[in-house]
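To start, the structure itself, in structure tokens.
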Amino acid sequence: MAVVPYKDQNDNKKQQVATMFNNIAGKYDFLNHFLSAGIDILWRKKAVSLLQSEKPKLLLDIATGTADFAIEALRLNPDKIIGVDISEGMLAVGREKLAKRGLASKIELKYGDSENLPFPDNTFDAITVAFGVRNFENLPKGLSEMNRVLKPGGTAVVLEFSKPRSFPMKQLYQFYFKNILPVVGKIVSKDNAAYTYLPESVQAFPDGQEFISIFEEVGFKSTKWHSLTFGISAIYTGKK
């Protein structure tokens, strides 16, 4: 059974995830940086740096949210970045951010379903996803769509939470995720479920080699993964 934010509702995971992000959109950036002590910014920088040598000109950022990863990816000097997300609330915050920074001509944000991407085959030089694949309703289908719209020779970079497995980080992480993060998230975001869903979805996510196996099953080659910050998150890469 899929992990969902609102267990008392009958909507599918995709609909519930969209509702959840619409509810917390206004507080999302603050909570992201606060609850991770800013480490998420360093993780994004590391993920983007893995594409430096490839010099992608057209880049797709899936589950773009408020466009933090897309903005970071401008360091690659692409001609264009397109960000897609199923939450109109998050996209609205992202568009406002881009307008304030004068970046709307370089980054275009569009409503889009990661499992039914509105793009032709072999469109993008590179694809990025930060903390988004965990929310896919059908993970293999979403990854297959990424492979479909990626050009041959292009690279996909996935940044996602994982589960530390070594003492004492494993115990500290579990305590923080189960006891601290949901309470702070609830108080600030006013959404009772969003930051309970986060640790539950991380726990259920097939991280590490298990993710790599699914990545390869849908067609990605030359796959690699890098563990970050004692296993709290990981970066996965694959080529088409």
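Some observations on this one:
- Measure of compaction for the chain (Cα Rg per 2.2 N^0.38 Å): 0.95
- Structure-based [θ]222 nm, the chain - -39500 (n - 2.57) summed over DSSP H runs of at least 4, per residue, nearest 500: -12500 deg cm²/dmol
- With each label modelled as a point 7 angstrom along the Cα→C-beta vector, the Asn32-His226 pair spans 1.9 nm.
- Calculated P(r) tail over 27 Å for the stretch 99-240, as whole % of Cα pairs: 32 percent
- Between the stretch 16-76 and the stretch 126-188, the C-alpha centres lie 12 angstrom from each other.
- For the peptides 80-87, 62-69, 203-210, the ranking by mean Cβ contacts within 10 Å, running from highest to lowest, is 62-69, 80-87, 203-210.
- Evaluated at q = 0.15, 0.16 Å⁻¹, a Debye calculation over the C-alpha positions of the stretch 13-121 (equal weights, vacuum) places log10 I(q)/I(0) at -0.65, -0.74.
- The chain, relative contact order [Cα under 8 Å, separation at least 6], %: 20 percent
- DSSP beta bridges in the chain [antiparallel fraction, %, rounded to 5]: 40 percent
- Solvent-accessible heavy-atom area per residue, rounded to whole Å², over the chain at 1.4 Å: 45 Å²
- Protein heavy-atom surface of the chain, 1.4 angstrom probe: 56% of the accessible area is carbon and sulfur, with nucleic acids and ligands not counted.
- Qualifying trypsin sites (Lys or Arg not before Pro) in the stretch 146-198, DSSP loop, other Cβ atoms within 10 Å at most 15: Arg165, Lys190
- Cα gyration tensor shape of the stretch 144-196, rounded if a/c is under 1.5, else prolate or oblate by comparing a/b with b/c: oblate
- By the compact-protein rule of thumb, 2.2 N^0.38 Å, the alpha-carbon radius of gyration of the stretch 199-240 corresponds to a ratio of 1.19.
The values are calculated or read from the model by the stated rules, or taken from the named source; none is laboratory data. Values in this document were obtained by computation on a predicted structure and should not be read as measured data. All Cβ positions, glycine included, derive from the backbone under ideal geometry; neighbour counts span all protein chains shown. What goes into the accessible areas is simple: the full protein's heavy atoms, side chains included, and nothing from ligands, DNA or RNA. Shrake-Rupley method; radii C 1.70, N 1.55, O 1.52, S 1.80 Å.
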